[in-house]
Every structure is written in C-alpha cells, then in structure tokens.
Amino acid sequence: KDTGAGDTPQATAQDSIQLSLAQWSMHRMIWEQGVDPYSFAEKAHAWGFEGLEYVSSLYYKELEAQGFSAEAMAAFVEKSNAAAQAHGMKNLLIMIDGQGNLAAESADERKQAAENHHKWVDAAAAMGCHSIRVNLAGSEDPTVWVPAAADGLKQLATYAATKNIHVIVENHGGLSSNAAMLAQVMTEVGMDNCGTLPDFGNFCVKRENGSIYSGPCKIEYDKYKGMRELMPYAKAVSAKSYDCDQNGNETTINYEDMMSIVKKFNYHGYLGIEFEGNKLSEVEGIELTKKLIEKYS
C-alpha cells in the first residue's frame with residue numbers, strides 16, 4: 001500500500017511485526033522519578049525494542065521555558081538523533097499534545113493550531129520519522145466536529161506533505177474515539193499523507209467528569225469494531241495496556257482478538273507498545289505487554 005510519503009510504515013513487508021515503544025510508557029519515570037527523557041533510546045534498546053515513538057509533552061519543561069524557539073527545537077532534534085544513533089534505534093513518530101485544537105469550531109483557532117504544529121512536522125522530518133500524531137477532540141456535535149476536524153487536518157497535512165511527513169490521528173477522546181466518525185473524517189480529508197493511529201484502548205467517547213482524557217468512562221465505543229474501522233487508514237498502531245492478570249493477559253483488552261484484527265488488515269509496520277497503568281511499575285507493564293504481543297504475533 002503506497003501511503004504517498006517518505007519512509008512509509010508499511011515499507012517492511014515481513015511476517016514478524018517489529019516492535020516500537022511509545023515514550024508515554026515512561027511518563028511516570030520522567031515526571032515523577034526525574035528520569036531524563038533523552039534516555040529514551042537507551043532504555044528502549046535495553047528493553048528489546050527497535051523503534052521509538054516520542055511524546056512531545058515529555059520535553060515541554062525545557063522547550064516551553066525557551067518559548068519553543070528554533071534553537072530549542074534544534075537542540076531537541078540533535079540530542080534525540082544522537083541518542084537514537086548511539087543505540088541503533090529508528091525514530092518513527094512524535095506524538096504531539098498541547099499545541100492547539102485542530103478541530104476547533106473557530107476557523108482562526110484551527111489555522112493557529114495547524115501553524116503551531118509546523119515546528120513539530122519540521123522536527124519529525126529532521127529526525128527521519130514518518131509521522132506526527134495529533135489529537136482531534138472538539139465539538140460533541142458530529143455535524144460541527146466532522147467538517148472542522150477535516151479542515152484542520154487538511155491544513156496541517158498540506159504543510160506536512162512538503163516535508164514527506166504523515167499526519168496521523170489517534171482515537172484519543174471525544175468524537176475522535178468514535179471510530180466510524182473518525183473514519184468519515186479520513187474520507188473527507190482524502191489525502192495520502194493523512195491517516196490513523198488505531199489505539200487498542202482509547203475508545204472512551206464521553207467521561208463522567210466531562211474530561212477528555214481522564215476519569216471514569218460514561219460512553220465507550222466497541223474497541224474491536226473500532227479497530228476494524230480504523231485499520232484501513234492506519235500508518236501506525238498503538239498496543240495499549242493498563243494491567244495484566246496472573247497469567248499475563250491484559251485485564252480489559254483481548255490481545256488475541258486485537259492482534260488478529262491487525263494481522264487481518266496485512267499491517268506490516270511497527271507495533272508501538274503503550275503501557276499506562278498504575279498497578280504495575282512501568283518497566284513491568286512494558287515487559288508484560290511485549291510478551292503478549294510476541295505470544296500472538
């Protein structure tokens with residue numbers, strides 16, 4: 001499948017899925033234990049991964065302090081590239097948060113959000129990544145959200161295409177977790193370098209507390225149906241996990257079913273492990289999830 005940009009994630013047509021690590025799996029280590037985010041490549045290599053999926057917000061402490069200046073962004077790229085090269089790791093994508101709402105109802109706000117993401121497109125290109133992951137939360141009214149989301153994505157993907165970068169959307173709260181609607185947005189955008197990052201676990205459309213990302217879920221989309229609807233547009237896949245039982249199985253996600261869906265769509269890109277539970281340590285969670293994927297690959 002030609003995805004129309006740069007180093008495409010489907011380029012390696014082999015039977016065994018390659019494993020990458022989503023840096024969010026280390027967010028407690030970084031934010032609570034003071035682990036250096038630039039140790040990501042070293043740690044991921046030691047844990048047996050081949051690819052790296054960066055999380056922008058884990059570097060914001062220093063980047064925000066410097067106003068996301070060109071010099072600060074260049075330093076982020078240089079340090080990340082040096083670490084990846086030193087440990088023989090491949091940079092795959094950067095997950096972008098807190099840079100504005102691409103699906104905002106206001107056209108001006110969407111334009112500003114798209115422009116805010118340009119520096120991250122540039123960084124991804126300079127790091128040899130294939131994609132940036134963006135969020136698309138917005139209005140709860142589908143008739144407002146779908147066209148707004150499509151417009152914001154088109155603006156950003158148009159710029160990203162000049163840098164050979166994909167713009168990919170994760171099911172990540174609000175209507176973006178309604179897979180059928182996110183698929184509709186993909187159809188409306190209709191650009192080769194715009195796709196999805198299906199996540200095994202992020203299918204909560206509405207939470208009890210009104211938050212997008214945290215709190216008890218009030219309305220959840222069927223995760224298996226959702227994966228089937230998002231996989232045709234997938235340029236990366238996130239193997240989310242929260243907790244494992246005594247047999248090593250994820251307690252809320254049937255990994256055998258999820259992996260069969262991924263294989264059914266002939267996906268040959270990297271599979272990114274993203275552990276975000278609280279009961280296990282992050283290292284334990286990462287290792288158990290890796291074993292699950294290897295079991296069902």
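The values are calculated or read from the model by the stated rules, or taken from the named source; none is laboratory data. Here the structure is a predicted model, which is why all the values come from computation and not from measurement. Reconstructed Cβ throughout: ideal geometry from the backbone, glycine too, with neighbour counts over all protein chains shown. Calculation scope for accessible area: heavy atoms of the full protein, side chains included, ligands and nucleic acids excluded. Shrake-Rupley method; radii C 1.70, N 1.55, O 1.52, S 1.80 Å.
Flag: Gly201 matches the condition of being open to solvent by less than 50 Å² (accessible area, probe 1.4 Å), closer than 17 Å to Met231 by Cα and touching a Lys or Arg at 6+ places or on another chain (Cβ under 8 Å).
Scanning region 162-176 for residues that are closer than 14 Å to Ala123 by Cα and not in a loop (DSSP other than H, G, I, E, B) turns up His166, Val167.
Checked against the criterion of being at positive phi, within 20 Å of the chain's Cα centre (by Cα), touching a residue at least 24 places away in the same chain (Cβ under 8 Å) and open to solvent by less than 50 Å² (accessible area, probe 1.4 Å), region 119-137 contains one or more residues that satisfy it. The residues of region 208-243 that are out of contact with any strand residue (DSSP E or B) (no Cβ under 6 Å at 6 or more places or on another chain), farther than 27 Å from Lys154 by Cβ and at pLDDT below 95, listed by number, are Asn209, Gly210, Ser211, Ser214, Pro216. Looking for something closer than 22 Å to Trp24 by Cα and either surrounded by 14 or more Cβ atoms within 10 Å (Cβ to Cβ) or in contact with a His (Cβ under 8 Å, 6 or more places away or on another chain) (or both) - is there at least one such residue anywhere in region 152-165? Looking through region 152-165, at least one residue is closer than 22 Å to Trp24 by Cα and either surrounded by 14 or more Cβ atoms within 10 Å (Cβ to Cβ) or in contact with a His (Cβ under 8 Å, 6 or more places away or on another chain) (or both).
Restricting attention to region 244-255 and to residues that are under 21 Å from the mean Cα position of the chain (by Cα) and touching a residue at least 40 places away in the same chain (Cβ under 8 Å), the residue that is most open to solvent (accessible area, probe 1.4 Å) turns out to be Thr252.
On the basis of being within 17 Å of Ser25 (Cα to Cα) and hydrophobic (A, V, I, L, M, F, W, C), does Met73 make the cut? Spelling it out, it is not the case that Met73 is within 17 Å of Ser25 (Cα to Cα) and hydrophobic (A, V, I, L, M, F, W, C).
Selection of region 247-282 for residues being in contact with a Phe, Trp or Tyr (Cβ under 6 Å, 6 or more places away or on another chain) and among the aromatic types (Phe, Trp, Tyr) yields only Tyr255.
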